[in-house]
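Student: Mind looking over this structure? Questions follow.
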Amino acid sequence: MSSRPQLHVTVIRHAETNSNLNHILQGQIDTKLNKTGREQAESVGRRLRKVKIDHIYTSDLTRSKKTAEAIAKHHPDTPVTTDIRLREKDSGRL
């Protein structure tokens with residue numbers, strides 16, 4: 001019996017923003033990480049530094065890109081793809 005290749009997917013949510021603290025649904029609004037969020041992003045980057053990562057995918061929103069960049073810093077040869085289709089769902093006007 002032959003061994004089949006396995007795909008492992010790790011999903012990381014963007015780190016904290018002020019909108020998160022204020023319980024504001026950000027959706028597709030381009031918010032930035034706050035101080036705690038920047039620390040969280042750095043922490044997850046350090047935690048994943050020894051994990052084999054073949055590719056990093058992120059939405060084009062700043063909070064997600066900055067989180068992905070903190071991870072990519074520990075994986076300098078890993079390609080990073082930014083894709084608008086990875087944004088949160090557009091809930092329209094609530």
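Student: To the nearest 500 deg cm²/dmol, what mean residue ellipticity at 222 nm is calculated for the chain from DSSP H runs of n ≥ 4 alone, each contributing -39,500 (n - 2.57), summed and divided by the residues?
Tutor: After summing the helix terms and dividing by residue count, I get -8500 deg cm²/dmol.
Student: Please list, ordered by chain and number, the residues whose modelled amide H lies under 5 Å from the amide H of D60; skip anything fewer than 5 residues away on the same chain.
Tutor: Excluding prolines and chain starts, which carry no amide H, the hits are D83, I84, L86, R87.
Student: May I ask which of K50/K89; K32/K52; K52/K73 have a Cα-Cα span longer than 25 Å here?
Tutor: Check vs 25 Å cut-off fails for K50/K89; K32/K52.
Student: How much length is gained if the chain between T78 and V51 is pulled fully straight, taking 0.36 nm per residue apart and subtracting their Cα-Cα distance, in nm to one decimal?
Tutor: 8.5 nm
Student: Also, I was wondering about something else. What are the principal axis extents of the Cα atoms in the chain, in Å, biggest first?
Tutor: 53, 28, 19
Student: What's the carbon and sulfur percent of the chain's accessible surface, probe 1.4 angstrom, rounded to a whole number?
Tutor: Whole-percent figure for carbon plus sulfur exposure: 51.
Student: Please give the per residue accessible area of the chain, computed with a probe of 1.4 Å over protein heavy atoms only, in Å².
Tutor: Numbers: 7440 Å² over 94 residues.
Normalised by residue count, the accessible surface of the chain is 79 Å².
The values are calculated or read from the model by the stated rules, or taken from the named source; none is laboratory data. Everything numeric here is computed off the predicted structure, so don't read it as measured data. Only protein heavy atoms, including side chains, enter the accessible area calculation; ligands, DNA and RNA are left aside. Shrake-Rupley method; radii C 1.70, N 1.55, O 1.52, S 1.80 Å.
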